[in-house]
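Undergrad: The following block contains the structure, expressed as structure tokens.
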Amino acid sequence: MIQVLNANDAALRLDSIMKRIVMLSGRNLFGVVRQGAIFAIQSSSKATKPGSSGTADGLAKKYKQRPILTSSARHGFFYEMNDGKTFKSESQITLMTGARILRQVKRHISKVIQWWNKKENGWDYVAYTGTPENEKFRKIPHYGAAKVGWYGSLGKLGASVSGTGENNAGRMSRMSILKTPLESGVKVTNMIDYTMKTSPQSASVGIVKAGNRMSKIYEAELRKFTKWIY
């Protein structure tokens, strides 16, 4: 079970673990910080919605496509006209309510595609007719962008950056590195603004998991040095 801390507390905990590793093992400061940063970035990506994959390409198909739902009063009722155009009605059209319109209607469309309308800041729906254009619209542009926002800059630490899908990793993730004989640090900025709305604890969870992984990897070594010192 991962104890969820705020990002600052989690970072202080990880910093303490890494300093202890350096002090007791004599390992290179930046090398330890680099490894901790990579672990934190990878875990933060996995903790970012949707799904539990650490990469955009690793996402399940349902996270790469907009869902198809049944037409209803909530989503709207859609109809295809004889000329091939579609339109939406807030209520279902019947002979009693729209006989003139029904004479021009080819069919009632029972399925809709759900998508996020940024301008309206809410869910919106379009008719699903199964055309190639429809299928193209179903594909979510830049799927997994929030995950790439974490690991997209791993290349600056000499780590592999892959599975980014259609996302521009360099634009979505920014990294600054501090490396001196006495002090080292890595700062990652996820440039996808909605990450903190959909996954507000992703950074904290990632940093906590990184601390746990570092402790586990160096546990035997730290125990040996601790025993030697005391």
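What follows draws every value from the coordinates through simple rules; no lab data is involved. What you are looking at is a predicted structure, and each value in this text was computed from that prediction instead of being measured. Glycine gets a Cβ as well: all are built from the backbone with ideal geometry, and neighbour counts include every protein chain shown.
Undergrad: Run the helix sum for the chain: -39,500 (n - 2.57) per DSSP H stretch of 4+ residues, divided by residue count, reported at 222 nm to the nearest 500 deg cm²/dmol.
TA: For the chain, the value works out to -12000 deg cm²/dmol.
Undergrad: Let me ask something else. When each pair of different Cα atoms in segment 123-208 is counted once in the 1/r mean, what is the Kirkwood radius in angstroms, to one decimal?
TA: Evaluated on segment 123-208, it is 15.2 Å.
Undergrad: Using unit Cβ charges (K, R positive; D, E negative) and no other charged atoms, how large, in debye to the nearest 20, is the dipole of the chain about its Cα centre?
TA: 300
Undergrad: Taking neighbour counts of Cβ atoms within 10 Å as a proxy for exposure, in what order, fewest first, do 142, 75 appear?
TA: By the 10 Å Cβ count, ascending: 142, 75.
Undergrad: Still on this model: Rounded to whole Å and sorted largest first, what semi-axes of the equivalent ellipsoid does the C-alpha gyration tensor of segment 65-138 yield via the square root of 5 times each eigenvalue?
TA: In descending order, the three semi-axes are 23, 15, 10 Å.
Undergrad: Right, something else. Does a label point 7 Å from the Cα of residue 137, set along Cα-to-beta-carbon, have any residues of segment 52-68 with amide nitrogen under 20 Å, and which are they?
TA: 62-68
Undergrad: Can I ask one more? Pop the C-beta distance of residue 63 and residue 87 into the FRET formula with R0 = 22 Å and round what comes out to the nearest 0.05.
TA: The computed FRET efficiency comes out at 0.15.
Undergrad: Using 24 Å as the Cα-Cα cut-off, could you pick out the over-long pairs in 19/197; 62/147; 64/187; 111/147; 46/179; 61/111?
TA: Check vs 24 Å cut-off fails for 19/197; 64/187; 111/147; 46/179.
Undergrad: Then there's this: Two decimals, Cα atoms only, Kirkwood Rh: what is Rg/Rh over the chain?
TA: 1.21
Undergrad: Figure the gain on full extension for residue 193 and residue 118 (residue separation times 0.36 nm, minus the Cα-Cα span) and round it to one decimal in nm.
TA: 25.7 nm
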